[in-house]
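The structure appears below as structure tokens.
Read-outs: derived from the displayed coordinates by stated rules, not from any lab. Not measured: the values here are computed from a predicted model. Cβ sites come from the backbone with ideal geometry, for glycine too, and all protein chains shown count toward neighbours.
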Amino acid sequence: MKKIEVIVRPEFKDKTVSAIKKIGVGGVTICHVQGQGSANPPLVGQYFSKDMIICVVEDPKLDDVLNAVANVACTGTKGDGKVFVTSVEDALDICTKKRGTTSI
């Protein structure tokens, strides 16, 4: 399993979530975040507003999700966002007690 953290411009949040869901990803978590990139950051103390979409996917779906995100969230200009992928060793659905990929 892979955890995908997608940081996008707020105006692309809904399109990005729709694209991820079309691949067959069940659930997502969305957070409003602020930050600044490493290249040409804004003035000290100023941050850009973005949305972060977090989901866990089965390994075979990873490339499809990454391609879908890149297709809908790219404007071709700096500040479009980033995607971070990390490995998930295990997961637990608290209610059903299911573990691993059956929990997602």
* Structure fact -> Helix-only [θ] at 222 nm, the chain, -39500 (n - 2.57) per DSSP H run of 4+, per residue, nearest 500, equals -6500 deg cm²/dmol
* In degrees from 0 to 90, rounded to the nearest 10, what is the angle of the helix 62-73 Cα long axis to the longest principal axis of the chain? -> 30
* What angle do you read, to the nearest 10 degrees and between 0 and 90, between the alpha-carbon axis of helix 13-22 and the longest principal axis of the chain? -> 30
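Excluding Val33 itself, calculate the net charge of residues whose Cβ lies under 12 Å from the Cβ of Val33, where each Lys or Arg counts +1 and each Asp or Glu counts -1.
Details: positive: Arg9, Lys13, Lys50, Lys82; negative: Glu5, Asp51.
Residues near Val33 contribute +2 overall.
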* Note the per residue figure in Å³ for the convex hull of the C-alpha positions in the chain. => 115
* Structure fact -> Descending packing, highest mean Cβ count within 10 Å first, for 11-17, 79-85 is 11-17, 79-85
* Structure fact -> Going through Lys2/Lys97; Lys3/Lys78; Lys15/Lys61 one by one, the pairs whose alpha carbons sit over 22 Å apart turn out to be Lys3/Lys78
* Reachable aspartates and glutamates from Lys98, criterion Cα separation under 20 angstrom, eight or more residues apart if same chain -> Glu58, Asp59, Glu89, Asp90
